[in-house]
1. Would you point out which residue out of 35, 70, 59 is surrounded by 10 or more Cβ atoms within 10 Å (Cβ to Cβ), in a helix (DSSP H, G or I) and touching a helix residue (DSSP H, G or I) at 6+ places or on another chain (Cβ under 7 Å)?
2. Loosely packed, with under 10 Cβ neighbours inside 10 Å and modelled with pLDDT of 95 or more: which single residue out of 40, 26, 12, 2 fits that description?
């Protein structure tokens, strides 16, 4: 009885570890694909041009936004 119980727990533990490993691998694959997609979207020149155009417009309307952005950029360096 004891051997069967030990064997049962070993198998259960092994199955749990395998399942967790597969989940981790799948997560890594999906995360990598998501990061590539986000990088591609963020580095799109058309999008960057549109963002800079809207940023310039709002910074003309609200000069304090420009000051905040410049200050934030200084702190990031």
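1. Selected residue: 59, the only one of 35, 70, 59 that is surrounded by 10 or more Cβ atoms within 10 Å (Cβ to Cβ), in a helix (DSSP H, G or I) and touching a helix residue (DSSP H, G or I) at 6+ places or on another chain (Cβ under 7 Å).
2. Sole residue among the options that is loosely packed, with under 10 Cβ neighbours inside 10 Å and modelled with pLDDT of 95 or more: 40.
The values are calculated or read from the model by the stated rules, or taken from the named source; none is laboratory data. From a predicted model like this one, the values you see are computed outputs, not experimental measurements. Methodologically, a virtual Cβ is constructed for each residue, glycine included, from the backbone with ideal geometry; neighbour enumeration extends over all protein chains shown.
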